[in-house]
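To start, the structure itself, in structure tokens.
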Amino acid sequence: MSVCRPRLSILVFALTLLVGCSNNSDPGGDLQIDSQAAGSNPLAAVSNPVADCKPEAGTPHFYRKDILVAGTTGAHDVARDLPGLSRLISGRLRQHLEATDRFNVAKTDNTTFGTMNQRTTRQVLQLGGRHSVQFIVKLELEDLSLKSDRGWFAQLFGRNERNVLVKLYVYDATYGALFHSKQYQKTVSGDVVGDPGTGLGLTVSWFGTDLGETINSMLQTMSEEVEERLACVPFASQVTAIKGDSIFINAGHLHGLRPGEALRTYRRSEVWAPEESLVREERRGWIRLSAVFPNQSIAVATVEELGGARLKVGDIVRAW
């Protein structure tokens with residue numbers, strides 16, 4: 001089977017899922033959230049409730065996925081009074097994701113890619129390969145503009161209003177596809193103006209302001225959204241080396257793997273067609289872990305267990 005990248009490449013990935021998904025309502029209150037499907041990505045149109053895929057020991061959902069939080073971009077022209085804001089909120093999102101205990105979270109200051117296009121696909125693949133992650137999360141600050149219709153009395157006592165608009169993007173680093181995106185918006189009043197005169201970047205104490213509390217709440221909601229969306233997606237890693245009968249993969253104890261557990265293997269290949277790249281994926285069989293280290297495991301498999309085929313470096317290893 002062949003599928004197109006970036007519009008349909010994640011379809012192959014979707015067909016490996018054996019767990020059904022159901023819709024889940026967005027958070028209430030006056031926080032406005034708009035979900036955006038990622039092109040023809042079938043996974044972007046459904047929710048993956050954590051309740052259906054609890055990380056219980058002995059189940060494939062116990063495995064932790066590697067995820068990278070990329071640098072935050074945007075809103076520089078309307079946030080000059082908040083120096084260092086992008087760095088601060090990227091770090092806080094990483095903390096919220098780590099607190100879910102569903103991910104091994106890495107970070108990068110890379111901000112060179114934005115919404116999905118052909119160039120972004122290559123950048124996501126390269127970044128994912130460099131950091132050995134399954135997914136990449138990125139934020140874009142679309143708006144942080146101050147309301148201009150507030151009277152002088154309100155401004156005198158610091159009762160300003162500020163519009164906050166942030167977009168969340170989740171990329172599948174295995175295929176370079178946009179897996180999910182969502183928009184968060186709210187108008188905040190009170191202590192919402194920073195101090196550009198100091199020349200110093202914001203510190204974590206800024207999260208105690210009215211604006212900081214609102215954005216922190218948004219980041220918490222985003223981490224829960226990422227956890228929901230990825231809960232039922234199978235854990236994945238790659239074959240990094242083959243030495244004799246030993247098969248090395250880039251995941252271990254820190255991902256929840258244990259000796260004796262079995263993982264399914266897949267062969268991924270690319271075929272070029274006019275104006276697009278096709279991704280073909282075939283099942284190769286099962287491998288069984290014989291030794292597990294913090295970030296690496298060694299597995300063994302017979303030719304029969306691999307369906308008569310042999311593995312090679314770069315093959316995909318998944319929970320199912």
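From Val164, Val170, grab the single residue that is in a strand (DSSP E or B), at pLDDT 95 or above and closer than 18 Å to Asp77 by Cβ.
Checking each option against the conditions leaves just Val164.
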Margin query: Looking for something within 20 Å of Val317 (Cβ to Cβ) and at pLDDT 90 or above - is there at least one such residue anywhere in the range 76-87?
Written below: no
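This table checks each residue for (1) assigned to a loop (DSSP other than H, G, I, E, B); (2) over 18 Å from the mean Cα position of the chain (by Cα).
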{"site": "Gln183", "(1), (2)": "no, no"}
{"site": "Lys186", "(1), (2)": "no, yes"}
{"site": "Asp195", "(1), (2)": "yes, yes"}
{"site": "Leu202", "(1), (2)": "yes, yes"}
{"site": "Leu211", "(1), (2)": "no, yes"}
{"site": "Met218", "(1), (2)": "no, no"}
{"site": "Glu224", "(1), (2)": "no, no"}
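One line per residue, one yes/no per condition, for (1) modelled with pLDDT of 95 or more; (2) among the hydroxyl-bearing types (Ser, Thr, Tyr):
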{"site": "Tyr184", "(1), (2)": "yes, yes"}
{"site": "Gly197", "(1), (2)": "no, no"}
{"site": "Met222", "(1), (2)": "yes, no"}
{"site": "Val226", "(1), (2)": "yes, no"}
Margin query: Quick test for you: out of Asp195, Asp210, pick the one residue that is of a type in the set (D, E, K, R), more than 30 Å from Gln123 (Cβ to Cβ) and in contact (Cβ under 8 Å) with a residue 24 or more places away in the chain.
Written below: Asp195
Next item on the list: Run Gly244 past the list (1) at pLDDT 95 or above; (2) surrounded by fewer than 18 Cβ atoms within 10 Å (Cβ to Cβ) and report the number of the one that doesn't hold.
Entry: (1)
Next item on the list: Take the range 217-237 and flag every residue that is surrounded by fewer than 21 Cβ atoms within 10 Å (Cβ to Cβ), out of contact with any strand residue (DSSP E or B) (no Cβ under 8 Å at 6 or more places or on another chain) and among the polar types (S, T, N, Q).
Entry: Ser217, Gln220
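The values are calculated or read from the model by the stated rules, or taken from the named source; none is laboratory data. Here the structure is a predicted model, which means the values were calculated and not measured. Note that each Cβ is placed from the backbone with ideal geometry, even for glycine, and that neighbours are counted across all protein chains shown.
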